[in-house]
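Chemist: Below you will find the structure I want to go over with you.
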Amino acid sequence: MVDPVYLDFNATAAARPEVIEAVAAAMAEGGNASSVHAAGRAARARVEDARRAVAALVGAEPGGVIFTGSGTEANNQALRCTGRPRVLVSAIEHESVLGARDDAGRIPVGADGCVDLAALEAMLAGDDRPAIVSVMLANNETGAIQPLAEVVRIARRRGALVHSDAVQAGGKIPVDMAVLGVDLLSLSAHKMAGPQGVGALVMRNPALVGRLIHGGGQERALRAGTENVPGISGFAVAARMARAGLDRFAALAGLRDGLEAGMRAVDPAVVVFADRVPRLPNTCKVATPGLAAETQVIGLDLAGVAISAGSACSAGKIEAPSVLTAMGVAEALARCAVRVSLGWSTTGAHIDAFLAAWRTLRMRALGATAE
Ligand code: PLP
């Protein structure tokens, strides 16, 4: 039996033990955060504490944070509930942004994996309708950090609102909404070792946003439905631990770079995407010409190493990833690309195990025998 090596943290990060404890404690305590009795007030206190923790993670005011059922829901609310007739999204957005509005225009990206600022400028100049622009802070596939401050400057000149999907950036790199200048930001707890099924929409001015889910008056009447108090309590712990651990997370770049160097030593033809621009420290999107993504994912899985071909949302199907297609990567190469993503529990031994298993696959495909 091989010890599993999990290198798919961008799909979901295993919850930290402290998070599991907080979720269990909130479940044991019970209480509906809208009830006036003591149990209800205790649940309310947990939710408000979490609001402060999430706000602090992204340099926002607690009053601007509402909890949602996922990052997907936060993205949908941002794009569908600000009453802006025109929506522009980058071509490398997650499906939850690309699919939120059928009428959204797509801002192209360059071969480096970053949004084309001149194209954004031209698109905004070509239409006077009030717009909202959505550009993610970091891409889930390549890890490429987008030039958001420039996006905001361009959008402001045209009176457009700016939303950023920070689901992959939150808890991995420092995020300060005030410095970035964005109006709306989406987060998801499970990408930062919190529980699955909890997200947040962070707003500079909540008055600009309407509700996506109708019903009761929870979350300042912006998100109906009894709050997921255990999940939100776990989110608070994950957000605080992520904030305190940003330096340690940054150090993952050393392991990631070692992984890329190790792959290149075996096969100098491997192509690492977005390696010329600032990237998330934990993410590597790499193609091995002639070795299909499917072969790599399945072969590594058999060796006890979990990686992915594309985003987890398209799991089950292994197809040419649209992020690479948007970057102009040839389909044949895109089909040979996998994503390796590290996280809080990754060690050098995990990287060594990945490299040993990948080397065997590569050698086998080349018809040679691995030592
Ligand atoms: N945005 C990005 C960039 C993502 O990577 C993901 C999940 O893969 C999401 C949004 C969706 O978040 P959730 O899983 O909380 O719905």
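None of the figures in this text is laboratory data; all of them are computed from the coordinates on show. All values reported here derive from a predicted model rather than from experimental measurement. Counting neighbours? That spans all protein chains shown, and the Cβs are built from the backbone with ideal geometry, glycine included.
Chemist: Go through ALA26, LEU291, ALA326 and say which Cα lies farthest out towards the positive end of the charge dipole of the chain; charges sit on Cβ, +1 for Lys and Arg, -1 for Asp and Glu.
Modeler: About the Cα centre, the residue reaching furthest to the positive side is ALA26.
Chemist: Separation between the ASP128 and ALA207 pseudo-spin-labels, each 7 Å from Cα along Cα→Cβ, expressed in nm?
Modeler: The two pseudo-label positions are separated by 2.6 nm.
Chemist: For ALA349 and ILE20, FRET efficiency with R0 = 25 Å and r from the beta-carbon atoms, rounded to 0.05?
Modeler: 0.60
Chemist: Can I ask one more? Just the Cα atoms of region 7-62, one point each, no solvent: what log10 I(q)/I(0) does Debye give at q = 0.15, 0.17, 0.23 Å⁻¹?
Modeler: -0.59, -0.72, -0.97
Chemist: OK, next. Within a 10 angstrom radius of the beta carbon, how do TRP344, TRP358 rank from fewest other beta carbons to most?
Modeler: So the ranking, lowest neighbour count to highest, is TRP344, TRP358.
Chemist: Where in the chain are the helices, taken as whole DSSP H runs, whose Cα atoms extend 24 angstrom or more along the long axis and whose Kyte-Doolittle mean reaches at least -0.5?
Modeler: 38-57, 348-365
Chemist: Still on this structure: Looking at the chain, send over the antiparallel percent of its DSSP beta bridges, to the nearest 5.
Modeler: Rounded to the nearest five, the antiparallel share is 55 percent.
Chemist: With no solvent and one point per C-alpha, what does the Debye sum give as log10 I(q)/I(0) for region 190-292 at q = 0.10, 0.15 Å⁻¹?
Modeler: Log10 of I(q)/I(0), two decimals: -0.52, -0.82.
Chemist: Continuing with the same structure: With the calculation restricted to Cα positions, what are the radius of gyration and Dmax of the chain in angstrom?
Modeler: Here Rg and the maximum Cα pair distance are 21.0, 70 Å.
Chemist: Same structure again: Let me check I have the definition right: for region 82-230, take the eigenvalues of the Cα gyration tensor, multiply each by 5, take square roots. What are those semi-axes in whole Å, largest first?
Modeler: Calculated on Cα positions only, the semi-axes equal 25, 19, 13 Å.
Chemist: Further question on the same structure: Please work out how much length the chain gains when fully extended from ARG41 to ALA118, using 0.36 nm per residue of separation minus the C-alpha to C-alpha distance, in nm with one decimal.
Modeler: Fully extending the segment from ARG41 to ALA118 adds 22.6 nm.
Chemist: In what sequence do VAL167, VAL87 fall when counting other Cβ within 10 Å, fewest first?
Modeler: VAL87, VAL167
Chemist: A follow-up question, please. So what is the calculated 222 nm ellipticity per residue for the chain, using -39500 (n - 2.57) for each DSSP H run with n of 4 or more, over all residues, to the nearest 500 deg cm²/dmol?
Modeler: Only helices count here, giving -11500 deg cm²/dmol.
Chemist: While we're looking at this one, here's another question. What value does region 1-104 have for Rg/Rh, both radii from Cα atoms and Rh as Kirkwood defines it?
Modeler: My calculation of the ratio gives 1.07.
Chemist: Indicate, rounded to the nearest 5 percent, the antiparallel portion of the DSSP beta bridges found entirely in region 141-237.
Modeler: The antiparallel proportion sits near 60 percent.
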